[in-house]
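J.: What follows is a single structure, and I will ask about it in a moment.
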Amino acid sequence: MGKRIRRGASTATKYKMRLAKLGSRNPMYGKHHTETTKKRISQTMKNYWRSLYFD
């Protein structure tokens, strides 16, 4: 996996994106990750960061 690339957005665009996902419009609103999912996310992120420094 390569480095993550991010392009900058204007302040106006960031504000619109923020409003689009605010409160109940957020897909995760009122939901929680299961313990299994949390462990999977954690392990995946550990592998990602390990690959940046030790490969």
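The values are calculated or read from the model by the stated rules, or taken from the named source; none is laboratory data. Computed from a prediction, not measured in an experiment: that's the story for all the values here. Backbone-built Cβ (ideal geometry, glycine too); neighbour counts: all protein chains shown. These area figures cover heavy atoms from the full protein model, side chains too; ligands, DNA and RNA do not enter into them. Shrake-Rupley method; radii C 1.70, N 1.55, O 1.52, S 1.80 Å.
J.: What does the helix-only formula give at 222 nm for the chain: each DSSP H stretch with n ≥ 4 adding -39500 (n - 2.57), the total divided by the residues, and the result rounded to the nearest 500 deg cm²/dmol?
T.: Calculated at 222 nm, the ellipticity per residue is -18000 deg cm²/dmol.
J.: Can you classify the chain as rounded, prolate or oblate using the Cα gyration tensor, where a ≥ b ≥ c are the square roots of its eigenvalues, rounded means a/c under 1.5, and otherwise it's prolate if a/b beats b/c and oblate if not? Walk me through the numbers before you get to the answer.
T.: Working: a/c = 5.55, a/b = 1.28, b/c = 4.32.
Judged from the Cα gyration tensor, the chain comes out oblate (a/c at least 1.5, b/c at or above a/b).
J.: Further, regarding this structure: Where does each of TYR15, TYR53 land when they are ordered by accessible area, with a 1.4 Å probe and the largest first?
T.: Sorted descending by solvent-accessible area, the residues read TYR53, TYR15.
J.: Considering the dipole of the chain built from charges on the beta carbon (Lys and Arg +1, Asp and Glu -1) around the Cα centre, which of LEU19, THR44, PHE54 is farthest to its positive end?
T.: LEU19
J.: How much of the accessible area of the chain, probe 1.4 Å, is carbon plus sulfur, in whole percent?
T.: On the way: 3200 of 5680 Å².
Looking at the chain in its full context, I get 56 percent from C and S.
J.: Sticking with this structure for a sec: Can you give me the solvent accessible area of ARG50 with a 1.4 Å probe, rounded to the nearest 10 Å²?
T.: For ARG50, solvent-accessible area is about 110 Å².
J.: Right, something else. Across the range 22-33, in residue order, what do the Karplus-derived ³J(HN,Hα) couplings come to in whole Hz, using 6.51 cos²θ - 1.76 cosθ + 1.60 with θ = phi - 60° and x for Gly and Pro?
T.: 6, x, 5, 7, 6, x, 9, 4, x, 10, 9, 6
J.: Something else about it: Taking the Cα centre of the chain as origin, work out the dipole magnitude from +1 charges on Lys and Arg Cβ and -1 charges on Asp and Glu Cβ, in debye rounded to 20.
T.: 200
J.: For a label point 7 angstrom out from the Cα of TYR53 toward its Cβ, which stretches of the range 1-45 have the backbone nitrogen within less than 18 Å?
T.: Those under the cut-off are 1-4, 42-45.
J.: Right, something else. With every protein chain present, what is the per residue accessible area of the chain (1.4 Å probe, Å²)?
T.: Heavy-atom accessible area per residue stands at 103 Å².
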